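First comes the structure, then the notes that go with it.
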Number of protein chains: 2
Amino acid sequence: MVAMQIHIVYAHPHAASLNAALRDESVATLEGLGHTVTVSDLYAMQWKAVADYDDFGPTENEHFMAAAGEAWDKGQVAPDVRAEQERLLAADLVILQFPLWWYTVPAILKGWIDRVFTNGFGYGTSRDWPRFGDGVLAGKRAMVVVTTGAAESHLSDRGVNGSIDDLLFPLQHGVLFYAGMQVLPPVVVTGAVHRFGDAEYADAAKLLRSRLETLDETESIAYRKQAEDYDDAKRLKPGLEPEGTTGFALHIA
Amino acid sequence: MVAMQIHIVYAHPHAASLNAALRDESVATLEGLGHTVTVSDLYAMQWKAVADYDDFGPTENEHFMAAAGEAWDKGQVAPDVRAEQERLLAADLVILQFPLWWYTVPAILKGWIDRVFTNGFGYGTSRDWPRFGDGVLAGKRAMVVVTTGAAESHLSDRGVNGSIDDLLFPLQHGVLFYAGMQVLPPVVVTGAVHRFGDAEYADAAKLLRSRLETLDETESIAYRKQAEDYDDAKRLKPGLEPEGTTGFALHIA
C-alpha cells in the first residue's frame, strides 16, 4: 500500500452526530494505515457558504463568472478559498462527507464547491478548457461518504427519490470528475434517522472501514472522458453506449 | 385569466446582472397581467444560507432532522424562515430563479431550501407523511427559471453535462413536487456567458414573457404521485413505465 495524503471535506452541524462518529472512524482508520489526513470541518470552520463579490478584489463586472475569472487572473482570491485549493492540490485522495439534504449536499458544502472550484481553478469557460476527466485535479481520486434519512429501497433503481447513483451524478461527475479526479464508488449509509442504533452504527462503520482499507484496489467509476467520447457540441458520439441507454447512465462506459 | 399571488425566490449576487434583468421582466410582465408578485432577493436580503442549530430553540438533540422537528413542534422556527414559509403558503405559484452553478442551485438558494423546507413543514420522517404530489404546498404550482453558462447542446439528451431535465429533477421532483406542488416545465436560458449580447437577451426575454403569459394553459410535468404509483418500499410498481425506461424518467408518467 502506498501512503497517501488524504483531505476530508466534512459538513455536519453537530459535533456528536452520526456523521462526526463516521468521520472519526475515517481519520483513525486512514492514519492507522499510514496515510496522512487533513480535515476541513466546514461547520466548525464557520465556512462562508455564499459565493459573492467579497470573494474577489474590486471589480465592476456584473457577470459573476467573468468577475471570478478576473480575480483568479489577478491572484485576488479569498484566503480561505486559496487555502482549500492548496489542500486539494496537496491531496492524493479527496473525501467529501455529508448528510444528503434534499437530494444533494448541504448548503455549506455547496458553498465550498461554488467558492473553491472557482473560474480559473476549478473550471474555465473557453471551449478547449480541459474538463471531464482532465483538469487541475487530474491524477487524484475522490470519494463521497454520504448518510441518508431515506431507506435503501427509496434510493434504489425504482425508488421514488431517484437512485442514489443518479442523485450523486451532478456532484461526482459534474464537479469531481469535471476537475479531473477519478471518482470511487460512494459509501452510502441509508436509514440514518433517529431509529439508527448501535447495531446499525456497527454495520456502517464496518462498511466504511472496509472501503478505506481497500482504496488501492477499488476501481473508479468509468465516466467517459470529454476529450475522447464527445463531439464538438459536447454530445456523446453515437453508438458508444449499449442500445437503449438514456439519462446519466450514458456517461458511464 | 385568474389573478394569482406569485412568489419569486431569486438568487444572483449582482444587481445589474442578466438574471436581475430577467427578474425585472418577470415582475413587470406578471404585474401587467394583473397578478400580485412578491420577491425574495436572497443576496439582497443577506439570507442566512447555512442551516444550523441557531435556527432552533435550545436543544441537545444531535440528530439534526429530529432537532428541526422538535423546533417545529414547539413553534421555535427562526423568524426569517417562518416569513418565507408564510410567503409560500400565500402563493398560488412559486418561481425559483437562479444561475445554474455546478449543475444545481447556488449555495444561498440551497440554504433557502434547507432552512425553509424544514422538518414538520416541508418534510416529515414518518412513513405516512404526505409527499411526492401531496403535502403542505398541494394545490400550488412552481416553475424554475434558470440561466446556464453551458450551451444548449451540452445540456441536451446526450450532452456531457447531463440533460437539463435530469439535472433539475432533484430540485423539481425532490423538493417542489415532494412538498405537493405541480411543477411547470422550466424556462432555461442557455449560453449565458460574456458573449451574451442584446440579441440573445431579447430572445431570452421573449421566451420568458411568453411562458409567463401562458401559465394558465401550461401543463405541469407528469410526475407520478407516491400515493398512487409506488409500493410500500417506495419503489415504482412494476409495469407502469414504457419498456426500457430507466433513471429519473421512470418517475414521469
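Using a 7 Å offset from Cα along the direction of the beta-carbon, what are the separations from B:R82 to the same position in each other copy, nm, ascending?
Computed spacing set for this position: 4.4 nm.
In sequence order, what are the phi-derived ³J(HN,Hα) couplings for segment B:87-92 according to the Karplus relation 6.51 cos²θ - 1.76 cosθ + 1.60 with θ = phi - 60°, rounded to whole Hz, with x for glycine and proline?
For segment B:87-92, the Karplus curve yields 5, 5, 5, 7, 8, 8 Hz.
Restricting to DSSP H runs of at least four residues, report the calculated mean residue ellipticity at 222 nm for the protein assembly as shown, -39500 (n - 2.57) per run over all residues, nearest 500 deg cm²/dmol.
Computed ellipticity for the protein assembly as shown at 222 nm equals -9000 deg cm²/dmol.
Distances in nm, one decimal, shortest first, from B:K206 to the same residue in every other copy, taking the label point 7 angstrom along Cα→Cβ.
For B:K206, the inter-copy label distances come out at 6.4 nm.
Can you pull out the GluC sites (Glu not before Pro) in segment A:26-132 that DSSP calls coil and that have at most 11 other Cβ atoms within 10 Å?
When the GluC sites (Glu not before Pro) of segment A:26-132 are filtered for loop state and at most 11 Cβ neighbours within 10 Å, A:E60 remain.
Would you pull out the residues with amide H under 5 Å of A:F132's amide H, same chain only if 5 or more places away, H placed 1.01 Å from N?
A:Y178, A:A179, A:G180
Explain nothing, just the number: dipole magnitude of chain B about its Cα centre with +1 on each Lys and Arg Cβ and -1 on each Asp and Glu Cβ, in debye rounded to the nearest 20.
80
Can you list the lysines whose alpha carbon is less than 22 Å from that of A:K48, not counting same-chain residues fewer than 8 positions off?
A:K74, A:K110, B:K48, B:K110
Using a 10 Å Cβ count of at most 13 others and DSSP loop calls, identify the longest part of chain A lacking such trypsin sites (Lys or Arg not before Pro).
In chain A, the maximal stretch lacking such sites is A:1-73.
Give me a comma-separated list of calculated 3J(HN,Hα) values for segment B:177-183, in order, Karplus coefficients 6.51, -1.76, 1.60 applied at θ = phi - 60°, integers in Hz, x for any Gly or Pro.
3J(HN,Hα) across segment B:177-183, in whole Hz: 6, 3, 7, x, 7, 7, 10.
At B:E152, with labels set 7 Å past Cα in the Cβ direction, how many nm apart are the copies from this one, shortest first?
Ordered by distance, the counterparts are at 4.4 nm.
Taking N as the number of residues in the protein assembly as shown, what is its alpha-carbon radius of gyration divided by 2.2 N^0.38 Å?
0.93
What list of ³J(HN,Hα) values in whole Hz, one per residue of segment B:232-248 in order, does the Karplus curve 6.51 cos²θ - 1.76 cosθ + 1.60 (θ = phi - 60°) give from phi, with Gly and Pro shown as x?
5, 8, 6, 9, 4, 4, x, x, 7, 9, x, 4, x, 5, 9, x, 4
Using a cut-off of 14 Å between beta-carbons, work out the net charge of the residues near A:T104 (Lys and Arg +1, Asp and Glu -1, A:T104 not included).
Every neighbour counted, the sum reads -3.
Each value in this text was obtained by applying a stated rule to the coordinates, not by laboratory testing. Quick caveat, the model's predicted, so the values are computed rather than measured. As a convention, Cβ positions derive from the backbone with ideal geometry for all residues, glycine included, and neighbour counts pool all protein chains shown.
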